[in-house]
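Scroll down for the structure; my scribbles are underneath it.
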Amino acid sequence: MELKIDRPSAEALAQIDQKGYLLPYSREGLCLQKVGIAFSTAERTLSGWEIVNV
């Protein structure tokens with residue numbers, strides 16, 4: 001899971017891939033999910049989220 005403030009949730013998902021956060025958990029047989037969450041300081045709430053099954 002990656003969180004972003006005032007940035008799109010897609011950027012959070014890209015960071016998960018770029019930094020290799022899932023590599024230690026990529027054993028065969030595990031069901032993995034990437035979660036990107038975006039917070040908006042202007043709206044003071046969640047502005048978006050994405051969940052991707054790997």
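Take 7, 44 and sort them by solvent-accessible surface of the protein heavy atoms, 1.4 Å probe, largest at the top. Working shown, then result.
Values: 7 125, 44 205 Å².
From most accessible down to least: 44, 7.
With no solvent and one equal point scatterer placed on each C-alpha of the chain, evaluate the Debye formula and give log10 I(q)/I(0) for q = 0.25 Å⁻¹, two decimals.
So the normalised log intensities are -0.89.
Using amide H atoms built in the peptide plane, which far-off residues or other-chain residues are under 5 Å from residue 48 H to H?
38
Quantify, in whole percent, the carbon and sulfur part of the accessible surface of the chain (1.4 Å probe; protein heavy atoms only).
Numbers: 2220 of 4180 Å².
Result for the chain: 53 percent of the exposed heavy-atom area is carbon or sulfur.
Over the chain, what relative contact order in percent results from Cα pairs under 8 Å that are six or more residues apart? Spell out each step's value before the answer.
Working: 94 pairs, mean separation 22.4, N = 54.
Averaging sequence separation for qualifying contacts and normalising by length gives 41 percent for the chain.
Going by accessible area, probe 1.4 Å, with all protein chains left in place, what is the ranking of 28, 43, 2, 50, largest first?
Details: 28 190, 43 120, 2 30, 50 70 Å².
Accessible-area ranking of 28, 43, 2, 50, largest first: 28, 43, 50, 2.
Of the chymotrypsin sites (Phe, Trp or Tyr not before Pro) in the chain, which ones lie in a loop per DSSP and count no more than 16 other C-beta atoms within 10 Å? Don't skip to the end; give the middle numbers.
Details: sites: 21, 25, 39, 49; in loops: 21.
Passing sites in the chain are 21.
Out of residues 5 or more away from residue 7 or on other chains, whose amide H comes under 5 Å of its own, with H placed 1.01 Å from N in the peptide plane?
Counting only residues 5 or more places away or on other chains, the set is 39.
Grab the beta carbon distance between residue 46 and residue 14, set R0 = 22 Å, and tell me the FRET efficiency rounded to 0.05.
Details: r = 19 Å, r/R0 = 0.84.
Once the sixth-power term is evaluated, E becomes 0.75.
Kindly report the accessible area of the chain per residue (heavy atoms of protein chains, probe 1.4 Å, no ligands, DNA or RNA), in Å².
Numbers: 4180 Å² over 54 residues.
Averaged over the residues of the chain, the accessible area is 77 Å².
Can you give the FRET efficiency to the nearest 0.05 for residue 30 and residue 6, using r as the Cβ-Cβ distance and R₀ = 25 Å?
Details: r = 33 Å, r/R0 = 1.30.
That gives a FRET efficiency of 0.15.
With every protein chain in place, what's the accessible area of residue 26 (1.4 Å probe, Å², nearest 10)?
It works out to around 70 Å².
Show me, for segment 8-22, the HN-Hα J-couplings you get by feeding each phi into the Karplus relation (A = 6.51, B = -1.76, C = 1.60, θ = phi - 60°), rounded to Hz, glycine and proline as x.
Here the 3J(HN,Hα) series is x, 5, 4, 5, 5, 5, 5, 5, 4, 5, 4, 8, x, 4, 8 Hz.
How big is the dipole moment of the chain about its Cα centre under a simple scheme where the beta carbon of each Lys and Arg is +1, that of each Asp and Glu is -1, and everything else is neutral? Debye, nearest 20, please. Before the final figure, lay out each step's value.
Working: 6 positive and 7 negative charges, 21 e Å.
Computed about the Cα centre, the dipole is about 100 debye.
The values are calculated or read from the model by the stated rules, or taken from the named source; none is laboratory data. As the structure is a prediction and not an experimental result, all values here were calculated from the model. FYI the Cβ positions are ideal-geometry reconstructions off the backbone, even for glycines, and counts take in every protein chain you see. In case anyone asks, the SASA skips ligands and DNA or RNA and just uses the protein heavy atoms, side chains included. Shrake-Rupley method; radii C 1.70, N 1.55, O 1.52, S 1.80 Å.
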